Amino acid sequence: MKKSLPLLMVLCLCPALAWAQGTLTGTVRDAATDDPLIGAQVVIPALNLGSVTNIDGVYTVEAVPAGTHVVEIRYIGYRTQRETVTVASGQTQTLDVRLEESAINLDEVVVTGAGGPVEKRKLGNSIATIDAAALETAPIQSFSDVIQGREPGLVGLPSGGLTGEGTRIRIRGTASLSQSNEPIVYIDGVRVDRDGGFGGTNSFVGSGGGGSPSRLDDINPESIERVEVLKGAAAATLYGTEASNGVIQIFTKRGLVGPPRFTFSIQQGAITYPEIYPDQVGFGRSQAQADTMSVYYGRALRPFELVNQNFVHDLFETGYSQTYSASVSGGTPGITYHVSTRWQGENGPFGGDDRRYPVGVTTLADDALKRAQATATLNIFPNDKLQIRVTNGYTDSQFKTLETNNNIYGVVSLAQFSRPERVTFNNQTGTPAFATVNEAMQQTVEQSVQHYNGSVGLNYRPLDILTLDGTFGVDFTNEISEELRPFGWNVDGFSSDTPEGRRRFADRNNLELTFDVKGTLNTQLSERYESSFLFGTQGFISRERLESGQGVDFPGPGFDVTGAASQQALFEEFLEIVNLGVFAQEQFGINNYIFVTAGARLDANSAFGSDFDAVIYPKVSASVIPSDAPFWRPLGPVSSLRFRAAIGRSGLQPGAFDALTTFGALPSITGPGVVPQNLGNPELEPEVSTEWELGTEMGLVNDRVAFETTYWNRTVSDALVDRQFPVTGGFVARQLDNIGEIKAQGVELDVNAFVVNRADVSVNLFANASYLWERVTDLGGAPPIKVGGSYPRYRNFLIEDYAPGANFGAKLLEVPDGSLPVDFNGDGAADTEAEVLAFLATLTPSTASLPTSPSVVLLADDDGDGDPLDHYLGKPTPDWQGAFGGSVKFFRNFTVSTLFEYKTGNYYVNNLTDAFRQANAVIGRNLPESAPVERDYITGGVDAGFNPLNDPNVRLEALETWLNELLALAPFSGLNTIKQADYIRWRELSLTYSAPRGFVQSYGLRNLSFTVAARNLKLWTKYDGIDPELNAVGRGSGSGLDQNFLDGVEAFGFPIPRRFLFTVRFGF
Amino acid sequence: MKTIYRPFALVLALLLVLPACDILEVDNPNNLVEDDLANPAAASAMANGVEASVTRALGAILAPYSTATDELTWVGSRDAWQQLDFGNVNNPLNEFTDAAFPYVGEARWLADEFIDRLEAFKADGALRDDTPLARSYLYGAIIYVTIADMFDDFTFSDRREAAPPVGPANMGQLYDTAIGYLDQGLALNPSGELQTALLGMRARAKYSKALWQKLNPNPNTGDPLINDAGAVADAQAALASSNEPDWRYELVLDPSSPNLVVGDLSMALQVNNRLELRIGGTYIQPTDDGKKVEAVTLQDPIDGVVQPFLESEITAFTDARQYADITVVSAREMRLIIAEAALAQGNTGTFAEQINAIRTLDGLTAFSGQIDAREMLIHARQVYLFLQGRRLADLYRFGLRSSEWTSDGVAVQQPGTFLPITIIEIRANPHLG
């Protein structure tokens, strides 16, 4: 189905004229292939009449007033065609149409940000549309997959590869230094819970940063008809406060007039992790240790003999997924419906079932997802002036994941920093601290979610020129998260943390109420001038309640309720935000090829300070389509051309209670007490994002090639800076102040080409790229903000004149040739190689240890401020990113589609996983590169029998490798850690066979197709870690600051898995 | 036409009415707004808040402090602890010192703030019971003494107003503030345990002030003993005020208040749960994996047995998991203050009398000169003030070294160095930038 929701509001109106009427019917086909086009729109604009083609490409418009009319035929991906037809009273007029493919479609009708349905050509701002029908055969299993790689400037950040893990979303980079940089999301006009994780920052429950689910993935991807994306303030002004990160609006499928049409889809899949983890390497330090190792490795080992093991790959298996979906749609002229249901089950590729466990023990940790979804949409047309829309979407999901990521009790974390020389019977991988892998696998993290989104919409046309539209909706989430360590979880007797068990829970309820009432006055002022005046009000109320608790120490096995534990703690939080806005907008058209739009929104918000009332966000835009002008003559290959320009504002409000000076509860043993909480700022106001953009859209070679460019420029003024005031002033928490400024600019390029379109072969190619430059230009005197708290291994900062989240850290002192950046002799200067050798010659295996003291290893302090950790080490956001790919249809019935994604240019990732593994004396130095270095430094080299040679030159070589490649972590944070991470990922590949029409119909079917597809097939990268797309925190985990700027940090996460899917689709 | 205008009227009503109504007034039940503190009924909650804040602060700062001594050692994954082990105590970037610093800053400010508020209630006749005020003075004194004991410098900002550092040479003045608070607390005529705690804390404050003078500007290892008459008098008064011979005043950590435990900074959690830190090798024999205590080994120098008090302290510390209480002052410390003053005066009889009063509690043989008296004093302080935040000063003044201090470390190179103002304050405070 390829159509636009708002247009349906018009299309499905039932004329009440009872006399001098006829019927218009016909078939719409592809001009090149002669295939019927399903869902093409056939409209008589002057009469607001229309219809949509059925499976056979046939349309019927009834009750057409007798006379001559202009008919428009539209279909996404095809050039809009206009025909003149005369309908006689009481007769049926046939109009068959053949549409030509077009890579550019300026007549596409959009809604989001415009106030009502309007053709793209009339808008001065860019608006992206993702057509779900075009993705029908793509390997997509979630909403995150729907948006990934589709539009330049719209970025999905997957963070990790665990089953059910959500994706963070960014549009045009960072628009706030302190508030969420996620776009706001609507379904059919209703604000959606866009949270993620396990209850938020204050919840007891967490998995360590990874495996974090997104509430946006509750959206049934197969219920989506299309997604509209506003990329910034210039487009999103009418959404007001909270819209400066852009707006994503999802339109769900609607029914069409006609008999019931059933559609079914069955999908089976396999999931595998790439086996790319470097081995764990170690060696015994003594004969006794070597003897113990010999027992477990089944061969005689000597001290200092390296042993390679891989404790990670043993934990992987082949995962399995299955999805079943069904839908039915249809209707009569008075009512249409679309009902769908989907069930998705997945048992991910984490295994470990075959490991050796103590008697009576097995793994409890699991990576699984079960998700049931249902949607029902009704469109009711009581008369020709009124439409009633009712939408319902419900999801029930059960989700299990692991303790993971930068988490000392994470399963793969423990496996990765295991040391072969520490293997014992009860510690099969030789974890040196915290817990064994078996113990870690006794922990479970689960989440149960019920999520409803629904709306009632009224569209009333009291006059031909006036449309009133109201949407009233609710989005409700009930989310229960649980984290359990059962009694006696330390099955190997290794861990000392809560051995009697611990249960945590978080019960989060979120309610989003939306109302949106507006009127549109469309007036044809004269033959040359047209006007569209919009006015309205919009508001939302967001209420979130979190109840979270923890129980520690159960009296015995079998208990898994918090109340059974001897130590109990509770947390309760209630947040309410109310936003109200009124807006007005005038769109003025001249000669149907020049359009100017001006508008503004006035917003008030409960989070504003008491000294601040409301804010106005204005906007102006213009669109000029020379190719629609009477004077237009094709310019060489240019067949269509549009210029657009827009400037607008939107904002972000502070947190719900940031304006208030508050004290929080902190009981002492004596009784309840209060302590400083929030410093407060009565002058708090929203930060204001001003964005302007210039763009062109060009159709080339008879519109078979479309080229779209946009330059945008954004300044966020009065930016809310989460300022750290002196902590000795009593209030430790940061306080928002409107003192900052962020500047950003970018370019977005998009090319689509219909290279070949014949009946037997067609080739469509696309490529997009977005360039992003962004800077924190002013922190208003506030100190630099470190992301990740005082944890020194996260090196992301907000610092003036650098990109948000840029990495800063240590680098070695530059020394003259012949010297090393070490000071073994304590003379305060870098030692010469001779001095180093002299020192190394004094070492023995019992005294040698790789240097880790900052008084020995000399660090640079380029700016001389005494801080060796403030050297710029690169940014976690690339200059360029985008996607390319295409589809090839061959032998009439086969289609291959593919998509590649890439990031490149000044793009760096903090490889914290390897920083630990290469440098940490206790839980690391077990990489294939680092274990030999440590061995050689200790021994000064070994002979064939692994006897130490005490050769200072060997130690010197090891020392140089240690300093220049391996030394990392505190107090050398950032050193040898932050790595170039450019990559290209083969994201999607699919091959679809569509059964011939005749064959399908012989079985009474409407369509039948088979698809084999793969996702994340291959990664090419400069990055030396596991996967540059991994991140320490996933959607909804960590603090708000972490969510925004703890980017490009790989920390023990699961790699993005490969998925292989087989899908059968059929309908009747 | 009437029908036509009806929708206009509806929209107009929405436009006008909705923004004007009080729907924008949302409630905040999660926290207390500041105005509510003007209610004298909040007096007890204020005192409890200061107690909680001071407890949290001590729990947080004791971990980096103790790791910089021989009391705790690093056995985990977060190597900033190792830098403290090495004696690199003054690094403002150390993640743990830096993470603990704000809690100390908060506790100091809160004590001053709530003492002022409670005094205002009292001046207005609105304070029905002086106990919250007396308690607040005690907690205020504790945090001032802690700052002066553990830091080389400090700042005393007020909300958004940054203050310059007091300067290393002026840190001794903090003891005067503490002593003043204790004077005012005692002037409220408290009784029972509170009175004993106030007296004991004043003894400790006076003793610590004298000790600070021994350590600054450089440790006076040639004359390290403290002989402060005021401290001795208060110590004697504190002992006399209680019938309990082995009393101690503790800041209590309890599962009912888990937020008092700052996970990354809690000594007990790091030692008992996470196994990131361990009791130092001077005191115990570790398990084979080096992670836990196999047995307490530090012996009594006279009886040659495992020091019973230390063993019971370590056992209690281990059993408490993350909820190990923090001893602030004790009868044992009072006797140590008196004993040390006597030793400084050459009064070995009183010294032995006080030391033996403690040893009797543990069933140990009386000290009668079997070992050098100063060694006895050093040992007694090492044992009886274990994990109470006194060890680093004692190591410095007695010219001792933790076995983990590296020769290039700050503690060895610049003895007398304590914790710094950390980077979180430095970056936010223009006087330090």
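Just tell me how shielded A:783-792 is by partners: mean number of partner chain Cβ atoms within 10 Å of each residue's Cβ, no decimals.
Mean shielding count: 5.
Exposure proxy check: A:Leu820, B:Leu392 ranked by fewest other beta carbons within 10 Å?
A:Leu820, B:Leu392
What is the extension gain from A:Phe890 to A:Thr272, computed as 0.36 nm multiplied by their sequence separation minus the C-alpha to C-alpha distance, in nm to one decimal?
Fully extending the segment from A:Phe890 to A:Thr272 adds 219.5 nm.
Take peptides A:1000-1010, A:503-513 and line them up by average Cβ neighbours within 10 Å, highest first, as a rough protection proxy.
The densest-packed peptide leads the list: A:503-513, A:1000-1010.
Counting only DSSP beta bridges with both residues in chain A, what percent are antiparallel, rounded to the nearest 5? Walk me through the numbers before you get to the answer.
Working: 369 of 383 bridges.
Of all bridge pairs located within chain A, approximately 95 percent are antiparallel.
Explain nothing, just the number: relative contact order of chain B, from Cα pairs under 8 Å at least 6 residues apart, as a whole percent. Could you put the intermediate results ahead of the total?
Details: 678 pairs, mean separation 100.3, N = 433.
Across chain B, relative contact order equals 23 percent.
Quick one, what does Rg over Rh come out to for segment A:597-712 if you take C-alpha atoms and the Kirkwood Rh?
1.36
In whole Å, what three semi-axes, largest first, describe the equivalent ellipsoid of segment B:239-341 built from its Cα gyration tensor (square root of 5 times each eigenvalue)? All intermediate terms of the calculation are to be shown ahead of the outcome.
Values: eigenvalues 132, 93, 20 Å².
So the three semi-axes of segment B:239-341 are 26, 22, 10 Å.
Can you give the mean number of other chain Cβ atoms that lie within 10 Å of the Cβ atoms in peptide A:179-190?
Values: counts 0, 0, 0, 0, 0, 0, 0, 0, 0, 0, 0, 0.
That average works out to 0.
If you wrap a convex hull around the Cα atoms of the protein assembly as shown, how much volume per residue is inside, in Å³?
Per residue, the Cα convex hull of the protein assembly as shown comes to 185 Å³.
When only DSSP loop residues count, what chymotrypsin sites (Phe, Trp or Tyr not before Pro) in segment A:610-654 have their Cβ near at most 15 other Cβ atoms within 10 Å? Write out the running numbers ahead of the final one.
Working: sites: A:Phe612, A:Phe631, A:Trp632, A:Phe643; in loops: A:Phe612, A:Phe631, A:Trp632.
Counting only loop positions with at most 15 other Cβ atoms within 10 Å, the chymotrypsin sites (Phe, Trp or Tyr not before Pro) in segment A:610-654 are A:Phe631, A:Trp632.
With unit charges on the beta carbon (Lys/Arg positive, Asp/Glu negative), name the residue among A:Ala919, A:Pro932, A:Trp962 whose Cα is farthest towards the positive pole of the charge dipole of segment A:894-987.
Projecting each Cα onto the dipole axis, the largest value belongs to A:Ala919.
So what's the convex hull volume per residue for the Cα atoms of segment A:410-518, in Å³?
Output value, Cα hull per residue: 124 Å³.
Which FRET efficiency value, to the nearest 0.05, do you get for A:Tyr297 and A:Ala921 by plugging their Cβ-Cβ distance into 1/(1 + (r/R0)^6) with R0 = 25 Å?
Working: r = 23 Å, r/R0 = 0.92.
Plugging the Cβ-Cβ distance into 1/(1 + (r/R0)^6) gives 0.60.
Checking a compactness column here: for segment B:60-103, what do you get for Rg(Cα) / (2.2 N^0.38 Å), N being the number of residues?
In units of the 2.2 N^0.38 Å rule of thumb, it is 1.00.
What three numbers, in Å, describe the spread of the alpha carbons of chain B along their principal axes, ordered from the longest?
112, 53, 41
What ranking do A:Ile140, A:Ile1026, B:Ile302, A:Ile541 get, fewest neighbouring Cβ atoms within 10 angstrom at the top?
Least to most surrounded, the residues fall as B:Ile302, A:Ile541, A:Ile140, A:Ile1026.
Just to be sure I understand the rule: take each whole DSSP H helix in chain B, project its Cα atoms onto its long axis, keep it if the span is 30 Å or more and its mean Kyte-Doolittle hydropathy is at least -0.5. Which ones pass? Please list the in-between numbers first.
Numbers: long enough: B:43-67 (36 Å, 0.64); B:95-123 (43 Å, -0.14); B:192-215 (34 Å, -0.32).
Span-like helices, by this rule, are B:43-67, B:95-123, B:192-215.
How large is log10 I(q)/I(0) at q = 0.19, 0.20 Å⁻¹ when the Debye formula is applied to the Cα atoms of segment B:288-379, each weighted equally and without solvent?
-0.94, -1.01
Which three extents, in angstrom, do the Cα atoms of segment A:160-221 have along their principal axes, listed largest first?
Computed over segment A:160-221, the largest-to-smallest principal extents equal 32, 31, 22 Å.
Determine the shielding of peptide A:166-175 by partner chains: average, over its residues, the number of Cβ atoms on other chains within 10 angstrom of each Cβ.
0
If you take the C-alpha gyration tensor of segment A:591-660, multiply each eigenvalue by 5 and take the square root, what semi-axes do you get, largest first, in whole Å? All intermediate terms of the calculation are to be shown ahead of the outcome.
Details: eigenvalues 379, 28, 7 Å².
Working through the eigenvalues yields semi-axes of 44, 12, 6 Å.
Can you give me the relative contact order of chain A as a percent, contacts being Cα pairs under 8 Å and 6 or more apart?
It rounds to 12 percent for chain A.
Tally Lys/Arg at +1 and Asp/Glu at -1 over every other residue whose Cβ is under 9 Å from the Cβ of A:Ser329; what's the total?
Local net charge: +3.
Nothing charged except the Cβ atoms of Lys and Arg (+1) and of Asp and Glu (-1): what's the magnitude of the dipole of the protein assembly as shown about its Cα centre? Round to the nearest 20 debye. Before the final figure, lay out each step's value.
On the way: 114 positive and 180 negative charges, 1025 e Å.
Taking the Cα centre of the protein assembly as shown as origin, the dipole is about 4920 debye.
Given C-alpha coordinates of segment B:228-286, what is the ratio Rg to Rh with the Kirkwood estimate of Rh? Don't jump to the answer; show the numbers that get you there.
Details: Rg = 17.5 Å, Rh = 15.0 Å.
Rg/Rh for segment B:228-286 comes to 1.16.
Where does the charge balance sit around B:Arg204 when Lys and Arg score +1, Asp and Glu -1, over other residues with C-beta under 11 Å from its C-beta?
Residues close to B:Arg204 contribute a combined charge of 0.
Of the listed peptides B:357-370, A:406-419, A:1051-1064, what is their order by residue-averaged count of other C-beta atoms within 10 Å, with the highest listed first? If you can, show how the numbers build up before the last one.
On the way: B:357-370: 16.0, A:406-419: 26.2, A:1051-1064: 22.8.
Order by mean packing, descending: A:406-419, A:1051-1064, B:357-370.
Alpha carbon centre of segment A:888-950 versus segment B:347-369: separation in Å?
Cα centroid to Cα centroid, the span is 62 Å.
So, in Å, what gap is there between the alpha-carbon centers of segment A:1047-1066 and segment B:213-260?
60 Å
Put +1 on the Cβ of each Lys and Arg and -1 on the Cβ of each Asp and Glu in segment B:106-158; which of B:Gly140, B:Ala126, B:Trp109 then has its Cα farthest toward the positive end of the dipole?
The Cα lying farthest towards the positive end belongs to B:Ala126.
Give me A:Arg79, A:Arg215, A:Arg633, A:Arg422 sorted ascending by neighbouring Cβ count inside 10 Å, so fewest comes first.
If I rank by nearby Cβ atoms, fewest first, I get A:Arg633, A:Arg422, A:Arg79, A:Arg215.
Please name whichever of A:Asn947, A:Thr86, A:Val815 sits farthest to the positive end of the charge dipole of the protein assembly as shown, dipole taken about the Cα centre and charges placed at Cβ: Lys and Arg +1, Asp and Glu -1.
Going by the Cα projections, it comes out as A:Thr86.
Do you know the relative contact order of segment A:937-1068, to the nearest whole percent, from alpha carbon pairs under 8 angstrom that are 6+ apart?
21 percent
Charges at C-beta only: +1 for Lys and Arg, -1 for Asp and Glu. How large is the resulting dipole of segment A:353-475 about its Cα centre, in Debye rounded to 20?
60 debye
How large is the charge dipole for segment A:755-829, taken about the Cα centre, if only the Cβ atoms of Lys, Arg (+1) and Asp, Glu (-1) carry charge, to the nearest 20 debye?
Values: 6 positive and 9 negative charges, 88 e Å.
The dipole of segment A:755-829 has a size of about 420 debye.
Using alpha carbon centroids, what distance separates segment A:824-885 and segment A:681-700, in Å?
For segment A:824-885 versus segment A:681-700, the Cα centre distance is 43 Å.
Every number in this text was worked out from the coordinates using simple rules, so none of it is lab data. Note that the coordinates shown come from a computational prediction; the quantities given were computed from them, not determined experimentally. FYI the Cβ positions are ideal-geometry reconstructions off the backbone, even for glycines, and counts take in every protein chain you see.
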